[in-house]
1. Quick check on the stretch 211-239: of everything there that is aliphatic (A, V, I, L, M) and outside any helix (DSSP H, G or I), which residue is nearest to ARG31 (Cα to Cα)?
2. Among the residues in the stretch 191-200, are any at pLDDT 95 or above, more than 28 Å from HIS82 (Cα to Cα), not in a helix (DSSP H, G or I) and not acidic (Asp, Glu)?
3. Would you be able to tell me the number of residues in the stretch 4-20 that are in contact (Cβ under 8 Å) with a residue 60 or more places away in the chain and either surrounded by fewer than 21 Cβ atoms within 10 Å (Cβ to Cβ) or part of a helix (DSSP H, G or I) (or both)?
4. Kindly evaluate ARG53 against the criterion of being surrounded by fewer than 22 Cβ atoms within 10 Å (Cβ to Cβ) and either of a type in the set (Gly, Ala, Ser) or touching a Ser or Thr at 6+ places or on another chain (Cβ under 6 Å) (or both).
5. Of all the residues that make up the stretch 128-166, how many are of a type in the set (A, V, I, L, M), touching a Pro at 6+ places or on another chain (Cβ under 9 Å) and assigned to a loop (DSSP other than H, G, I, E, B)?
6. Any chance you could count how many residues in the stretch 54-77 are of a type in the set (Val, Ile, Thr) and farther than 16 Å from ASP5 by Cβ?
7. Only residues that are in contact with a His (Cβ under 9 Å, 6 or more places away or on another chain) and on the phi > 0 side of the Ramachandran plot: list them for the stretch 206-244, please.
8. Before we move on, is GLU44 of a type in the set (D, E, K, R), without any contact (Cβ under 8 Å) to a residue 60 or more places away in the chain and either closer than 27 Å to TYR185 by Cα or buried (at least 24 other Cβ atoms within 10 Å of the Cβ) (or both)?
Amino acid sequence: MEIWDLHCHLNGVPGNTPEARLGRLLEYADRLGIARLCLFMGMEFTYDPSPERLKEENDSVLRAVHAFPKRAFGFVYLNPKHRQASLDELDRCVRDGPMVGVKLWVAEQCSSSDLDPIIERATALQAIVFQHTWLKITGNLPGESTPMALAELAIRHPRATLICGHSGGDWELGLRAIRPHKNIYTDLAGGDPVAGLTEMAVRELGSERVLYGSDAGGRSFASQLAKVLGADISDSDRQRILGGNLQRLLRPILAKKGITV
């Protein structure tokens, strides 16, 4: 069983360069048998990045992926407030570069029509779109998306492949919000490794729509793997969640780029 981690960052990892930080992440991954990492955002997190900062952060990920091309995939970080700059970055990093997905964070709610050109371009390029979502009891950040907002986006873009980051944080609500939308997959990353998350995700969505991720270096690989390895699910479900589903979603764009895995 080859494990692919959907959700990794350079932030929070020791090292002064992107190459050093990814190298350290891979040392940890090797201990736990994790074969591939998906990487996004730069050396430090930026809530509402300018076009210049977007390019800087994406360049860091490009450097890291270039250093370890057989171990890591990059997702381009975009800010829908800067439409043309985001489309240009999408072309630079995905169409003309090695990246295979899109990362959207908290600059703008994903229900906004500002995302439409980005999602349309990503879909045309066969890139998957990872959207951070959360439901906070203390209130979300102004531009922070919820699973309900992602459901609105999915309705407008039924051909897009969308991923609900963190299962919405409050996963009991988040999983139900995305359940009707077959083009939304859920990410198990981040949060405490509480019992029941993976079982509910499989029950509500089917194991084909559930993806393992860690949120390293903010969270450990081991604690997040425990959500899947310790879950009361079948071995075939476990294999799909830990790698099979992500491999299937990435296969079209990898084939387009001539990347064999």
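The values are calculated or read from the model by the stated rules, or taken from the named source; none is laboratory data. Keep in mind it's a predicted model, so treat the numbers as computed, not measured. We place every Cβ from the backbone using ideal geometry, glycine too, and count neighbours over all the protein chains shown.
1. Out of the qualifying residues, it is ALA216.
2. Looking through the stretch 191-200, at least one residue is at pLDDT 95 or above, more than 28 Å from HIS82 (Cα to Cα), not in a helix (DSSP H, G or I) and not acidic (Asp, Glu).
3. 3
4. Working: surrounded by fewer than 22 Cβ atoms within 10 Å (Cβ to Cβ): yes; either of a type in the set (Gly, Ala, Ser) or touching a Ser or Thr at 6+ places or on another chain (Cβ under 6 Å) (or both): yes.
Criteria met by ARG53.
5. Residues flagged as of a type in the set (A, V, I, L, M), touching a Pro at 6+ places or on another chain (Cβ under 9 Å) and assigned to a loop (DSSP other than H, G, I, E, B) within the stretch 128-166 amount to 1.
6. Matching residues across the stretch 54-77 total 1.
7. Within the stretch 206-244, just ASP215 meets the criteria.
8. Judged against the criteria, GLU44 is a match.
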